[in-house]
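Every number in this text was worked out from the coordinates using simple rules, so none of it is lab data. Just so we're clear, the structure is a prediction, and the values are computed from it rather than from any experiment. For neighbour counting, all protein chains shown are included, and Cβ atoms are generated from backbone atoms with ideal geometry for every residue, glycine included.
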Amino acid sequence: MARAKRTQRAEARRRYRAVEGTTENPDLEMDEADALDTPADAPARGNRTRKTGAGGTGRDAAAPPPRTGFMPALRRAAAPADIRADLRALPSIAIHSKALWVPLAVIAGVTALFFIPGVSRNPLVALLGNLALQPPPMILPFLAGMLAPRGAWLAGGIVALANAVAYGLLFGVFTNSVQTGLGFTYLMTTDQKVGVIVNAIVTSVPFGLLVGAFAGFYRRFLAMSAPARPVPAKSAQGRSKRR
């Protein structure tokens, strides 16, 4: 019906131009009139998309998932560890993550500073030794647990063991006498040194396991509590073009 009306209007305009002597192309004007009169097809309701500017997001863009509540995130983060799976994943953790080699590199670097002549007496080096190597260790096992993709307790225990061994090495080499709180100084025997080193290992490893486990729990809790960020439209389009 609408097509017939447009044809009649175009025919009327053609007759009018023929009478007036117009030299314009009637077929072209008829086609333009038909194109102007033809309404654009409305997109289906389910297929409508909203275009956005650079860096913007549309109203129909995918919304980020809701944020996990405090108590659900706390319960999920405190789930018991799968000891066997963590032990099997230890080679992958050591190779493909920074959980072990970064704290171990710090331990090795701080220990090496004490063997450099003229550097070991620097107050800054002594402060680093007290912070990084003094048992029971806390900073480096916590760092290992935060960097571990899984098995944070295991990474913390390994780093704590290395920490205690480095402390025992420095204590056995550089400590010959001990000063008591009352100001008395006495020489240490070999048996006393061995006792101090064994005590450092025995106390450091369980403490490192606990610190690493807490670091893993804290990392999981932060990941569950923080809302997921939506992917920007520009980056999503860039990835689709690269594909």
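Note on Thr190 and Ala79: the extension gain reaches 35.5 nm, defined as 0.36 nm multiplied by sequence separation minus the Cα-Cα distance. With the Kirkwood sum run over all distinct C-alpha pairs, segment 88-152 has a hydrodynamic radius of 12.8 Å. Between Asn199 and Ala105, the simple label model (points 7 Å from Cα in the Cβ direction) yields a spacing of 3.5 nm.
Along the axis of the charge dipole computed for segment 82-225 (Cβ charges of +1 for Lys and Arg, -1 for Asp and Glu, origin at the Cα centre), the listed residues Leu169, Leu143, Val106 are led at the positive end by Leu143.
So for each of 201-213, 113-125, 132-144, 91-103 I average, over its residues, the number of other beta carbons within 10 Å; can you give me the resulting order with the highest mean first?
On the way: 201-213: 20.9, 113-125: 11.5, 132-144: 23.1, 91-103: 16.5.
With the highest mean Cβ count within 10 Å placed first, the list reads 132-144, 201-213, 91-103, 113-125.
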